[in-house]
Amino acid sequence: MHRGALVLKTADIRQFLRPNAALGAVTALVTGTIFLVRGHGYRRLIWGDDELLVEHAIHRQTPFGRLHFIDPFGILDPFAGYLIVILRLTTKFLLLWDTETFPLRAYWLSSFIWTLIAVCIALLISGLTRPYLGFLAAMAMTIMPYSNLVMLAQVNTIYMPAVLAMIIAVVTRRYPQSKGFQIVVCVAFALVTLTSITTIVVFGYLISLVFFRRHDVQLIERRLIWVMGLALVLQLISYQPRGRMISPSSFLHEFLLSSNAFAPQFVREKILEPKSAIENIILYGIPILLSITVFVLVRLGNRSECRSQINIAQHFFLIAILLLCMLIIGNGWLNSHYLFIPTGLFWIGVILVSDATGNSTFRYRMLPITVVLAIFILHLSGTYFVI
């Protein structure tokens, strides 16, 4: 293999950064500041899943993973039934120093990674449309309500924005042109696949391209299928079932709980409590109104010159629903943190269809745009609920 295929050339880096420098710098500055502020209240001690990760890294005990014979450091030991390679590697890296300041280092590292991925999302969307839409997409991911003191300043969730970026990349089909950056993308996809089973939706989408768009499948997409396929084989070998089953009625109940993703904070605070009739109307009425409004935006956007944006947004919506269903069934109930990727896809899709509608000639096009904007602003209050 040629040396240049393994090392990013300076010319490649300059060619990639030059047209995107301003957008990347602004996005990094704004989103990075927000992530630092949102995560600043983190607990100054090791807790939750991070505590389990640190304990495993320091005192690895049996039972080991099924691949322990090629894994003396425990990187391929499963967690909750799956491989979590990036989380194992990150934990070991942060433990190169003392354990007392582990939460501080996790706070800085997670803020950096989330910011880097926000920039990637901005560049992906801007390459599809315009720079300001890329910035808005990154901002939507940054300010969405979620349990910031659990999601941020922690090791155990740094893969989530990466999965979101992977889905956006394969749906928009925007990849770097240089061989060096393509190798980086392949390695990144493989590592994230070895960390989260949610990447199976990315793999499935790539496979669908081979079946339905065989004539224009890119070489890098074929390579991604191979590297992700091998990573998923390792996930399958290491998989340990949890033994949890969910009935159709329970699934429907858990799925309806996802309505809290769009509710105001005063409703989210009562997620597991009885609600008044008005609170129930707000809880379920907002998603219904939002669905109707987005449907209208899609219809209007199809009359504009931005039909490609509508098509991509529809893919985002479908993948979001599919992924949410998979996560509920796989876990046995709705973990509120699982909503981050589906809701991120949804709001980025809404940004695309709103822009397409804004470019249509419909007289009252600003009305549905105003409705979705109002709902987005309304649900930003407070922090996300935790189940």
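Tabulated data for the structure shown
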quantity	calculated
Dipole axis of the chain (+1 Lys, Arg; -1 Asp, Glu on Cβ), positive-most option in PRO342, PRO103, ASN156	PRO342
The chain: relative contact order as a whole-number percent, Cα under 8 Å and 6+ apart	20
Dipole magnitude of segment 46-136, debye to nearest 20 (Cβ charges: Lys/Arg +1, Asp/Glu -1, about Cα centre)	400
Local electrostatic count at GLU269 - Lys and Arg +1, Asp and Glu -1, tallied over other residues with Cβ under 12 Å	+1
Surface per residue (accessible, 1.4 Å probe) for the chain, Å²	50
Whole-angstrom gap from segment 219-268 to segment 72-90, using each part's C-alpha centre	18
Size of electric dipole in segment 195-258: Cβ of Lys, Arg +1 and of Asp, Glu -1, about Cα centre, debye, nearest 20	140
Extension gain (nm, one decimal) between VAL217 and GLN265, 0.36 nm per residue minus Cα-Cα	12.9 nm
Cβ-based charge dipole, the chain, positive-most Cα from THR33, PRO145, SER354	SER354
Proximal aspartates and glutamates to LYS92, defined as alpha-carbon separation beneath 19 angstrom and excluding residues fewer than eight positions away on the same chain	ASP49, ASP50, GLU51, GLU55, ASP71, ASP77, GLU100
Order by protection proxy (mean Cβ within 10 Å, highest first), peptides 110-121, 219-230	110-121, 219-230
Helical contribution to [θ] at 222 nm, DSSP H n ≥ 4, -39,500 (n - 2.57), averaged over the chain, rounded to 500	-21000 deg cm²/dmol
Charge dipole magnitude, Cβ of K and R +1, D and E -1 - segment 124-265, Cα centre, debye nearest 20	360
Contour excess over end-to-end distance, with Cα ends at PHE73 and ILE321 and 0.36 nm allotted per residue	85.6 nm
Dipole of segment 251-317, positive end: most advanced residue of ALA313, ILE271, GLY301 [Cβ charges, Cα centre]	GLY301
Contour excess over end-to-end distance, with Cα ends at LEU289 and ARG130 and 0.36 nm allotted per residue	54.4 nm
Of all accessible heavy-atom area on the chain, the percent that carbon and sulfur account for (1.4 Å)	68
Protection proxy ranking of 63-76, 139-152 - average other beta-carbon atoms within 10 Å, highest first	139-152, 63-76
Overall form of segment 26-133 per C-alpha gyration tensor (a/c, 1.5; a/b vs b/c)	oblate
Span-rule helices in the chain, defined as complete DSSP H runs reaching 20 Å or more along the axis (Cα) with Kyte mean at least 1.0	21-39, 102-128, 179-193, 219-238, 277-301, 307-331, 340-358
Compactness of segment 244-387, expressed as Rg and Dmax over alpha-carbon positions, Å	16.1, 52
For the chain: span of alpha carbons on each principal axis (Å, largest first)	65, 56, 40
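The values are calculated or read from the model by the stated rules, or taken from the named source; none is laboratory data. All values derive from a computational prediction rather than experimental measurement. Glycine also receives a Cβ, built like all others from the backbone with ideal geometry; neighbour counts cover every protein chain displayed. The accessibility values were calculated without ligands, DNA or RNA, using every heavy atom of the protein model including side chains. Shrake-Rupley method; radii C 1.70, N 1.55, O 1.52, S 1.80 Å.
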